[in-house]
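Data first, discussion second: the structure below is written as C-alpha cells.
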Ligand code: URA
C-alpha cells in the first residue's frame, strides 16, 4: 500500500509546535498499529507531544483514531442502562470491588474492563485473582450474559479494544512519555468510549500516590477527559479525589479484597465507604436513576448479594478463605502523638516491594503481600503501638519495603492536625 503521509513530516510538524491535521493523526495512528510507523518514530512523536501538547480538537481526533484501530462494544441490547467508573490509579484503591456490585444492585449495569497493576499502583484484576477460582478472562458473549443476569462484570479488556493504545502505552512506559495530559486522556478515553458505556465517572486522583501530583494538573486532565467523553456522546463527569494518603487501611491484593468485603458487609473504613457511595451516586445519576440511594443498597445487603453472584459467575468462591502471607513484620509508632502524614506513594512502593505489584508486565504477584495500616492521619497513637503490618511470603523483601517507608509517616505532638486535602476535592462536569 502506498502511504499518504510521511512519519518524519508528522514528527516535524509537532516538533515545530504546529497543529497536527486530522489526516496526519488518522494516518499516523493507523500506520503505527500496522507497523509501518516504526517504534522510534512514534517515540519521537510522543516526546514532541509531551513537550508541545495538543489542543482539544487534536486530542479528540487522536482519541477517535485510537478507537478506530479496534472493535467497539455494544450494550444496547441490555435491558438496563450502563455506567462505568475509571480511576487514574492510586494506592489502596479497591473502590471498583464494592462499587460495581453496589451500582448493579441499584439497577444499572456496570461493564468494568480492568487492568493489572504496574509499578506502585495496584490493578483490579490482580486483587480479584486473590479469590480462589476467580477468572479474569471472559468472552464478549459471556460478558453480555453476566451483565444482563447480574448487572456487574469486572474482567480483562480483550486485545481487540483500542490496540493502538496498547502498543503506544507500552512505548510511552519506556520512553518517559507517560505523564503527558493529551496522551493520558486519549489513552484512557479511547478504551472507555470503545467499551461502549452510556455513562462514565472518572476518579482522578491527586497527590503523591497518583500520576497527577497537584490539583491544577489533575483538573486539567479531568477537564480534558470530560470533554472527550461528552463529545463522544458518553455522559461523563469527574471527581478529583485525594491520593496523598492511601485509601482505606490496606494496600495489597488479598488484603484489599478483605476490606472490600467488609464494606459490602456494612463496615469498612469511612473513606472507602464515602468514596464508594459518592461514585455510585454519580454513576446512577449519569445513567438517569436518581431515585435510588446506593447507601440503602449497601446497608440492606443487596450489594453483597450482587458481589457474591458476580464472583461466583466468574468461577470464584466468595466463601473461600483469602490467602494469608507466610510472614509479617510490624512497624511500631516511635512516639506518642498524632499521625499527621502517611505518604501514599511510599506505602504503595512498600506494598509493591513486598510482592503485591510487578516491575515488568510478565511478573507474577503475591496474593497475600501488602501493607496493613492501623492508623490514618488525624489519629492519636502511643509509642510502641502498631502503626503498620507488612505482609509477604518472601521475608527477604522486608528490608527494601522498610527502606521505602523511611520518612513515610510523621507523628506530631498531641493537639496537632494533619494538613490534608479533603477526600473529594472537586467535581468536574460540562
Ligand atoms: N492509564 C491508561 O490507561 N493510560 C494512561 O496513559 C495512563 C493511565
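Brief remarks follow.
- Rg(Cα) / (2.2 N^0.38 Å) computed for the chain, rounded to two decimals: 0.99
- In a fully extended conformation the segment linking residue 175 and residue 34 would gain 48.7 nm over its present Cα-Cα distance, using 0.36 nm per residue.
- Rounded FRET efficiency, nearest 0.05, which uses the C-beta distance separating residue 141 from residue 19 and R0 of 30 Å: 0.10
- Summary of packing: across the peptides 293-300, 51-58, the per-residue average of other C-beta atoms within 10 Å ranks them, highest first, as 293-300, 51-58.
- Gyration tensor verdict on the stretch 1-122 (Cα atoms; rounded if a/c is under 1.5, prolate if a/b is larger than b/c, oblate otherwise): prolate
- Anisotropy class of the stretch 7-53 from Cα gyration tensor, a/c 1.5 cut: oblate
- GNM flexibility winner over the chain from 267, 176, 158 (Cα, springs under 10 Å): 176
- Distance between modelled label sites at residue 327 and residue 410, nm, 7 Å Cα→Cβ extension: 3.2
- If the segment from residue 216 to residue 335 were pulled out straight at 0.36 nm per residue, it would be longer than the present Cα-Cα gap by 39.3 nm.
- Likely footprinting exposure, 106, 155, fewest C-beta neighbours within 10 Å first: 155, 106
- Label-point gap, in nm, between residue 56 and residue 285 - each point 7 angstrom along Cα→Cβ: 2.1
- The stretch 83-319: relative contact order in percent, alpha carbon pairs under 8 Å with at least 6 residues between: 33
- For the pair residue 4 and residue 293, the difference between a 0.36 nm per residue extended length and the Cα-Cα distance amounts to 98.7 nm.
- Mean Cβ count within 10 Å, highest first, over the residues of peptides 239-252, 215-228, 352-365: 239-252, 215-228, 352-365
- Here the relative contact order of the stretch 312-430, from alpha carbon pairs under 8 Å that lie six or more residues apart, stands at 38 percent.
- Estimated [θ] at 222 nm from DSSP helical runs (n ≥ 4, -39500 (n - 2.57)) normalised by residues in the chain, nearest 500: -12500 deg cm²/dmol
- For the stretch 7-53, the relative contact order is 51 percent, taking Cα pairs closer than 8 Å that sit 6 or more residues apart in sequence and dividing their mean separation by the residue count.
- Inter-label distance, residue 72 to residue 149: 2.9 nm, where each label sits 7 Å from its Cα along the C-beta direction.
Any read-out appearing in this document is the output of simple, stated calculations on the displayed coordinates, not a laboratory observation. Because the structure is predicted, anything quoted here is derived from the model rather than measured. Ideal geometry is used to build each Cβ from the backbone, glycine not excepted, and the neighbour counts take in all protein chains shown.
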